[in-house]
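Down below is the structure, laid out as structure tokens.
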């Protein structure tokens, strides 16, 4: 890992913010998809 | 009409049929997610281990590798929504409003990330987290437009009626995209002028451009992956609503 200089905290905060945001976005997308599929299956829909 | 007489569906019709769209785009999600992950890891390696510090900004230039892709997506997603809005209003394409609805929260998230990373970059380079200049203010307005669109979708039970209202709202809001793009040329601003997407080519060296382009493609493919997944979910959600109504009426499924 390289040294990030005197403003390291801003660089780390920017990357942490983006990847936490992406994690939440991906997690929410997958959760929403699975929830809707599970409700469809519960109603007997077999189309997937 | 016999089976042999039945005309074959064109690619446009196949694209318009939600069931067909699901079946021929489902195999794309896994490979897209895989390529996105590889590109993201390569981009991060370049960003932290194989790119130089800038001669003026020092290491804070590394924030550019997450700021520029998210800022690009904040505008690209809106442009895609505006095209989908036209598809809804002009061609009544059945998947246009699905695409429009799926993209709005993603666009809002990328815009919020662009504002956040810009703020983190601004403090060490300009001495302030925020300035009410043309680029930042118009990007904040874009975030509010996205949030308004998400709220508007949720305000209607009838999704077809919602689609028409949201499409008009989206097209009106599209006027903000060129304002964001050209704000740095039109007004005196702290934000630097365009240095990548320019008519005369990028003004930065290849050692900074390489990680930037890798991250640019990684984020764009990530959007494509999430957009497809969200469109699949929306198509299934509409099927679910139909099934729930039939069940409530006592019809057999």
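Can you confirm whether the range A:34-42 contains a residue that is at the interface with chain B (Cβ under 7 Å from one of its Cβ atoms), over 16 Å from residue B:109 (Cβ atoms), within 20 Å of the chain's Cα centre (by Cα) and surrounded by 14 or more Cβ atoms within 10 Å (Cβ to Cβ)? Break it down stepwise before answering.
Here is the first cut: in the range A:34-42, the residues at the interface with chain B (Cβ under 7 Å from one of its Cβ atoms) are A:36-37, A:39-40.
Within this subset, residues satisfying the condition of being over 16 Å from residue B:109 (Cβ atoms) are A:36-37, A:39-40.
With within 20 Å of the chain's Cα centre (by Cα) added as a condition, the list becomes A:36-37.
Still in the list and also surrounded by 14 or more Cβ atoms within 10 Å (Cβ to Cβ): A:36-37.
Looking through the range A:34-42, at least one residue is at the interface with chain B (Cβ under 7 Å from one of its Cβ atoms), over 16 Å from residue B:109 (Cβ atoms), within 20 Å of the chain's Cα centre (by Cα) and surrounded by 14 or more Cβ atoms within 10 Å (Cβ to Cβ).
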**Prompt:** How many of the residues making up the range B:152-191 are under 17 Å from the mean Cα position of the chain (by Cα) and free of Cβ contacts under 8 Å to residues at least 12 places away in the same chain?
**Reply:** 2
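Look through B:220, B:225 and report the one residue that is surrounded by fewer than 19 Cβ atoms within 10 Å (Cβ to Cβ), at pLDDT 95 or above, closer than 24 Å to residue B:114 by Cβ and within 14 Å of chain A (Cβ to nearest Cβ). I'd like the intermediate steps shown before the answer.
Details: B:225 fails: surrounded by fewer than 19 Cβ atoms within 10 Å (Cβ to Cβ).
The conditions single out B:220.
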**Residue, nearest to the other protein chains (Cβ to nearest Cβ), within the range B:49-73, restricted to residues that are more than 18 Å from residue B:116 (Cβ to Cβ) and part of a helix (DSSP H, G or I)** = B:59
**Request:** From (1) within 21 Å of residue B:183 (Cα to Cα); (2) touching a helix residue (DSSP H, G or I) at 6+ places or on another chain (Cβ under 7 Å); (3) touching a residue at least 12 places away in the same chain (Cβ under 8 Å), pick out the condition that doesn't hold for residue B:116.
**Result:** (3)
**Answer from B:202, B:211 - the residue that is in contact with a helix residue (DSSP H, G or I) (Cβ under 7 Å, 6 or more places away or on another chain), free of Cβ contacts under 8 Å to residues at least 12 places away in the same chain and either within 14 Å of chain A (Cβ to nearest Cβ) or part of a loop (DSSP other than H, G, I, E, B) (or both)** = B:202
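The values are calculated or read from the model by the stated rules, or taken from the named source; none is laboratory data. On a predicted model such as this, the values are computed, not experimentally measured, just so you know. Counting neighbours? That spans all protein chains shown, and the Cβs are built from the backbone with ideal geometry, glycine included.
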